[in-house]
Amino acid sequence: MTTIADRGGRPRRPKDRKEQLAAVAAKLFCERGFHEVGITDIAAAAGITGPALYRHFADKQAILAHVVALAIDHLSAATALPDDTAVPAVEQVEAILTKLARVSVERPEISALWRRERRNLRPEDQQSLRRRWSELIASWARPLRAARPEVSEEDATMLCWAALSVFGSVAVHSTRLSRRRYVELLVEAARAVLHHTPATGETDGFAGEPAPVMPVMQPSRREKLLIEATRLFGERGFHEVSMEDIGAAAGISGPSVYRHFPSKTALFMAASARIHDRLARGRDQVAATAKTEREALEGLVRSYVQVMRDCADLLMIGREIGALTAAERNELRRVQREYVAEWVRLLMAIRPDLVTPEARVVVHMAFTIANDLVRTGSVRRRPDLESELPALMLAALGIRR
């Protein structure tokens with residue numbers, strides 16, 4: 001980090017050092033994950049000592065909260081509209097989409113940290129930042145409602161959250177396109193999402209799973225551990241959950257947990273494998289009945305939503321766990337790549353205008369809508385969400401219904 005000297009030749013801190021430290025921390029958090037970065041790592045990367053960093057931030061959670069707040073400020077400034085009521089609402093919406101697309105391609109970390117690390121914030125910071133996100137979404141929803149007066153305030157809010165997920169998808173994969181083409185695809189998908197008309201009180205052809213019935217047999221102890229581990233990892237994150245926590249939630253004493261899984265990492269890998277198995281079963285069911293690529297892709301969309309309803313967080317945690325070996329990380333990536341490749345093949349058959357990298361980023365846009373909205377408090381309580389999500393994903397994929 002650049003050091004500025006005063007007239008006596010003594011180094012003095014630059015006025016924007018806090019923001020410089022925040023930028024360094026944001027980069028490290030994105031690359032390694034919050035729990036794999038220490039205060040000393042941030043200080044060393046910034047070229048200062050640990051005690052010097054504490055002059056600006058009380059602890060690592062304070063740094064994370066500041067970084068996310070700066071990201072929201074940046075998005076607010078980038079998408080602010082002039083106080084010119086003469087500009088048609090449709091043009092205002094288009095301006096917001098274009099600005100968001102450019103910011104997302106240039107600064108993918110802006111949405112990445114909130115999406116990945118919000119569970120690591122203090123509850124009061126989570127609440128404050130959630131409120132600020134909601135205010136930002138509301139500012140985008142106003143011109144949308146002006147352009148589409150038939151859409152309710154609640155529906156407009158959901159559509160804006162879904163559009164934000166389209167832009168946030170830039171941070172969840174490594175596929176890269178030219179900046180111009182990436183911006184075009186992002187705007188195209190987000191526009192399609194905002195033009196979607198949510199169905200009210202009907203499934204629109206996308207019925208959810210049947211209501212669960214009381215099982216005759218209770219799950220095994222191992223199965224109970226997998227169920228509770230999936231839930232707890234998703235709610236709190238890997239690092240904040242102990243084997244004792246999982247055992248207690250499953251009604252199993254701590255030592256007994258180790259009879260089924262030798263470590264928390266082994267339990268995480270088993271839970272992840274269970275999710276991929278569910279996705280694979282859904283894929284096989286679709287393959288047995290679909291007669292066209294379109295039917296197959298629509299079936300995969302429904303299957304994905306049903307699985308992500310319970311497990312959206314877990315698939316994102318793997319990259320943040322330093323305890324995983326390189327082989328375990330590679331295995332997670334391999335299974336995920338194979339699943340994505342199936343979607344890409346089907347989408348390209350339906351949309352021959354896309355080449356493989358373009359289709360891949362569009363597929364990730366659809367995934368991110370489901371992953372985000374099932375975890376967004378103001379949206380996940382919608383009674384028809386399970387039927388709305390597939391329709392939103394298809395809109396992002398560019399498939400008209």
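The values are calculated or read from the model by the stated rules, or taken from the named source; none is laboratory data. Bear in mind the structure is a predicted one, so any value in this text is a computation, not a measurement. Neighbour counts are summed over all protein chains in view; Cβ atoms, including those assigned to glycine, are modelled from backbone coordinates with ideal geometry.
List, please: which pairs have Cβ atoms under 9 Å, are six or more places apart or on different chains, and start with a residue in region 340-352 that is within 16 Å of Ala287 (Cβ to Cβ) and end with one that is aromatic (Phe, Trp, Tyr)? The qualifying pairs are Trp343/Tyr304; Trp343/Phe367.
Quick grid of which residues meet (1) assigned by TED's automatic domain parsing to the domain that holds Ala391; (2) farther than 25 Å from Lys60 by Cα; (3) free of Cβ contacts under 8 Å to residues at least 40 places away in the same chain:
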{"residue": "Asp83", "(1), (2), (3)": "no, yes, yes"}
{"residue": "Leu100", "(1), (2), (3)": "no, yes, no"}
{"residue": "Arg130", "(1), (2), (3)": "no, no, no"}
{"residue": "Ala141", "(1), (2), (3)": "no, yes, yes"}
{"residue": "Ala147", "(1), (2), (3)": "no, yes, no"}
{"residue": "Arg180", "(1), (2), (3)": "no, yes, yes"}
{"residue": "Leu185", "(1), (2), (3)": "no, yes, no"}
{"residue": "Ala190", "(1), (2), (3)": "no, yes, no"}
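Regarding region 58-72, can at least one residue be identified that is without any contact (Cβ under 8 Å) to a residue 24 or more places away in the chain and over 26 Å from the mean Cα position of the chain (by Cα)? Checked against the condition, which is being without any contact (Cβ under 8 Å) to a residue 24 or more places away in the chain and over 26 Å from the mean Cα position of the chain (by Cα), region 58-72 yields at least one hit. Please determine whether any residue of region 107-114 is crowded, with 20+ Cβ neighbours inside 10 Å, of a type outside the set (Phe, Trp, Tyr), in contact with a helix residue (DSSP H, G or I) (Cβ under 6 Å, 6 or more places away or on another chain) and modelled with pLDDT of 90 or more. Taking every residue of region 107-114 in turn, none turns out to be crowded, with 20+ Cβ neighbours inside 10 Å, of a type outside the set (Phe, Trp, Tyr), in contact with a helix residue (DSSP H, G or I) (Cβ under 6 Å, 6 or more places away or on another chain) and modelled with pLDDT of 90 or more.
Results for (1) closer than 30 Å to His239 by Cβ; (2) in a helix (DSSP H, G or I), shown as yes or no for each residue.
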| residue | (1), (2) |
| --- | --- |
| Ala270 | yes, yes |
| Leu279 | yes, yes |
| Ala288 | no, yes |
| Lys291 | no, no |
| Ala296 | no, yes |
| Val301 | no, yes |
| Arg309 | yes, yes |
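Residue count for region 284-310, restricted to those that are over 23 Å from Arg375 (Cβ atoms), surrounded by fewer than 20 Cβ atoms within 10 Å (Cβ to Cβ) and of a type outside the set (Ser, Thr, Tyr): 9. Listed by first and then second residue, the pairs linking a residue in region 355-368 that is touching a residue at least 24 places away in the same chain (Cβ under 8 Å) to a residue that is among the acidic types (Asp, Glu) and assigned to a helix (DSSP H, G or I), with Cβ atoms under 9 Å apart and 6 or more places separating them unless they lie on different chains, are Val362/Glu188. Residue count for region 331-381 satisfying the condition of being surrounded by fewer than 23 Cβ atoms within 10 Å (Cβ to Cβ) and small (Gly, Ala, Ser): 4.
State all residues of region 378-401 that are closer than 23 Å to Pro108 by Cα and either of a type in the set (A, V, I, L, M) or under 15 Å from the mean Cα position of the chain (by Cα) (or both); if no residue qualifies, say none. Within region 378-401, Leu392, Met393, Ala395, Ala396, Leu397 meet the criteria. Out of the residues in region 18-51 that are in a helix (DSSP H, G or I) and of a type in the set (S, T, N, Q), state the one that is surrounded by the most Cβ atoms within 10 Å (Cβ to Cβ). Step by step, filter region 18-51, then rank; the result is Gln20. For region 129-181, a tally of residues being farther than 19 Å from Ala101 by Cβ, assigned to a helix (DSSP H, G or I) and out of contact with any helix residue (DSSP H, G or I) (no Cβ under 8 Å at 6 or more places or on another chain) returns 5.
The set of residues from region 221-257 being farther than 14 Å from Arg274 by Cα, without any contact (Cβ under 8 Å) to a residue 24 or more places away in the chain and assigned to a helix (DSSP H, G or I) comprises Leu232, Glu244, Asp245, Ile246, Gly247, Ala248, Ala249, Gly254, Pro255.
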